[in-house]
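Engineer: After the structure tokens below, expect a handful of questions from me.
The values are calculated or read from the model by the stated rules, or taken from the named source; none is laboratory data. Given the structure is predicted, the values throughout are model-derived calculations rather than measurements. Note that each Cβ is placed from the backbone with ideal geometry, even for glycine, and that neighbours are counted across all protein chains shown.
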Amino acid sequence: MTSSTNESSQGPIPAASWPWREDLVLAYDDVELRPSVRDDSAELFNALDSDDVWTHVKGRPSSAQQWAEVIDQAQASGRWMWTIRLGGAVVGTSSFLDLSVVDARVEIGHTTYAPQVWGGRVNPAAKLLLLSWAFDEAQMSRVQLKTDIRNVRSQAAIERLGATREGVLRMYQRRQDDSIRDTVMYSVLASEWAGVREGLIARLMP
């Protein structure tokens with residue numbers, strides 16, 4: 001009788017931490033991420049107030065005040081929000097969530113961008129910064145990403161990052177219209193991070 005293992009199931013995982021600070025700044029060229037604060041709310045509302053942005057994403061704030069409330073409540077609900085800027089202008093937001101330090105696992109999600117930056121360098125630059133912080137600063141072993149099975153554009157973007165598609169979580173989450181979505185799960189492991197990082201940097205080269 002023989003047994004087989006894969007790399008993700010071998011041995012104990014290293015200890016992770018969560019060195020979050022409100023003064024964090026992550027930057028790549030003119031793409032900058034900072035923890036979201038109430039003062040970002042009006043710019044977030046103006047940048048993301050588009051039906052196209054929220055087609056596959058639940059929880060659209062209807063005003064700058066609602067954005068401020070989302071930011072206020074984020075960490076209490078297990079969400080660490082980032083405001084994403086390009087050349088100083090707000091163009092999106094993303095978050096860490098589903099954090100388990102003991103399991104060295106975190107998710108990148110609640111990501112929305114202004115339509116004018118779709119398909120450009122903002123998303124790969126932001127993901128490079130977030131993945132770098134998760135793996136290199138927090139010592140995570142796994143970073144996961146999820147998207148609606150209907151959101152083909154998002155699936156393609158995640159796959160271009162170099163994440164591995166793990167499968168479909170059936171009947172996983174209620175959509176804004178009250179239908180129930182299937183969710184596609186992706187991940188990047190610490191053992192894969194060097195290759196993913198090289199791919200992202202190559203995409204961002206002039």
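Engineer: Starting from the stretch 22-34, keep only residues that are without any contact (Cβ under 8 Å) to a residue 40 or more places away in the chain, then list their pairs with residues that are in a loop (DSSP other than H, G, I, E, B) and aliphatic (A, V, I, L, M) whose Cβ atoms are within a distance under 9 Å, requiring at least 6 positions of separation or different chains.
Structural biologist: The qualifying pairs are 22/37.
Engineer: Among the listed residues 132, 154, 94, identify the single one that is within 24 Å of residue 205 (Cα to Cα), among the hydroxyl-bearing types (Ser, Thr, Tyr) and modelled with pLDDT under 95.
Structural biologist: Selected residue: 154, the only one of 132, 154, 94 that is within 24 Å of residue 205 (Cα to Cα), among the hydroxyl-bearing types (Ser, Thr, Tyr) and modelled with pLDDT under 95.
Engineer: Additional query: So in the stretch 10-59, with the set limited to residues that are among the basic types (Lys, Arg) and modelled with pLDDT of 95 or more, which one is nearest to the chain's Cα centre (by Cα)?
Structural biologist: Of everything passing the filter in the stretch 10-59, 34 is nearest to the chain's Cα centre (by Cα).
Engineer: Does residue 182 meet the test of being assigned to a loop (DSSP other than H, G, I, E, B) and among the charged types (D, E, K, R)? Full working, then the answer.
Structural biologist: Values: assigned to a loop (DSSP other than H, G, I, E, B): no; among the charged types (D, E, K, R): yes.
Against the criterion (assigned to a loop (DSSP other than H, G, I, E, B) and among the charged types (D, E, K, R)), residue 182 does not qualify.
Engineer: Additional query: Output the number of the condition that residue 130 fails; it satisfies all remaining conditions of (1) within 12 Å of the chain's Cα centre (by Cα); (2) assigned to a strand (DSSP E or B); (3) among the aliphatic types (A, V, I, L, M).
Structural biologist: (2)
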